[in-house]
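The values are calculated or read from the model by the stated rules, or taken from the named source; none is laboratory data. The model shown is predicted, which means the values in this text are computed figures rather than measured ones. Please note: Cβ atoms are built from the backbone with ideal geometry, for glycine as well, and neighbour counts cover all protein chains shown. Accessible surface areas use protein heavy atoms only, side chains included; no ligands, DNA or RNA. Shrake-Rupley method; radii C 1.70, N 1.55, O 1.52, S 1.80 Å.
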Amino acid sequence: LGPAPKFDNKEDAVAAFKELLESKCTSHKMTWAELVPLVSSDPRWRAVKSTGEKKNLFQHLMAQKQRDAIDQERLRKKAAKEAFQAMLVESELVKAGTELRDVTEELTKDPRFLAVDSERERADLFEDHVRSLERQVKERLRANRAENMARFKELLDETRELTSKTRWKDARDVIKEDPRYIAMEGDDKYRIEAFDEWAAAKANQEA
């Protein structure tokens, strides 16, 4: 071994020792026993005399590296989750009502699928996305139904033959060919509800 390095002060000595640790401690999982053979021949190893102080500095560095590793893993998982969600949005295979088992084979061809390590998390994210799509479908249906309802009532308003006393059966015969009647999907349930509301409002106007 060469002569121990000389430093102007304690701070410079500790800085040199820390520099050595930083250069050799490449993993946050490194142990003291693994470190010593790597650094014992470096003059900077003797910049700090006390073994206890050396261990304290090493342990402090390891604690910081472990915190950094946890932060990096958290960021990695966050990025993987966001990429997985973007993949689902982009996929033409995934629609409201789609089951994961039916599209897994195709989705695994995209590296973003397996970037989420946990199978359970992938399933949860997929289910959340499908539920969101289902909510969107329901919202669109509600919006379309409300629009169709408004247009249907406009039809009733515009049809001069209709009064508050007109029976639904007779009203239907008059308007059933109009696209605004046809647009009210399903059976007559929603048409009758709309007609009853319209007739009640019409009766108030005529009173």
> Counting only protein heavy atoms and using a 1.4 Å probe, what share of the accessible area of the stretch 1-62 belongs to carbon plus sulfur, as a whole percent?
Replying inline: 53
> How many nm separate the modelled label positions at Ser40 and Thr163, each set 7 Å beyond the Cα in the direction of the Cβ?
Replying inline: 11.1
> Which FRET efficiency value, to the nearest 0.05, do you get for Tyr190 and Gln72 by plugging their Cβ-Cβ distance into 1/(1 + (r/R0)^6) with R0 = 35 Å?
Replying inline: 0.05
>> Once you place label points 7 Å from the Cα toward the Cβ at Ala183 and Leu93, how far apart are they in nm?
In response: 3.7
> Once the Cβ-Cβ distance between Arg101 and Ser27 is put in as r, and R0 is 45 Å, what FRET efficiency do you end up with, to the nearest 0.05?
Replying inline: 0.70
> Based on the Cβ-Cβ distance from Glu82 to Asn144, what FRET efficiency comes out when R0 is 25 Å, to the nearest 0.05?
Replying inline: 0.20
> What does a probe at Glu154 reach in the stretch 164-184, counting residues whose amide N is under 13 Å from the point 7 Å along Cα→Cβ?
Replying inline: 179-181
> In what sequence, highest mean first, do 158-166, 119-127 appear when ranked by Cβ atoms within 10 angstrom?
Replying inline: 119-127, 158-166
>> Quick check on the chain: helices-only [θ] at 222 nm, where DSSP H runs of length 4 and up contribute -39,500 (n - 2.57) each and the sum goes over total residues. Nearest 500, please.
In response: -23500 deg cm²/dmol
> Across bins of 10 angstrom width beginning at 0, how are the C-alpha pair distances of the chain distributed, in whole percent?
Replying inline: 7, 19, 11, 11, 13, 12, 7, 5, 7, 6, 2, 0
> Got the relative contact order for the chain handy, in percent, Cα pairs under 8 Å and 6 or more residues apart?
Replying inline: 14
> Which distance in Å, rounded to a whole number, links the C-alpha centroids of the stretch 78-154 and the stretch 1-54?
Replying inline: 54
> Quick one: accessible area per residue over the chain, 1.4 Å probe, rounded to a whole number of Å²?
Replying inline: 67
>> Let me check I have the definition right: for the stretch 77-167, take the eigenvalues of the Cα gyration tensor, multiply each by 5, take square roots. What are those semi-axes in whole Å, largest first?
In response: 46, 11, 10
> Once the Cα atoms of helix 10-24 and of the chain are each reduced to a long axis, what angle between those two axes, in degrees from 0 to 90 to the nearest 10, is obtained?
Replying inline: 60
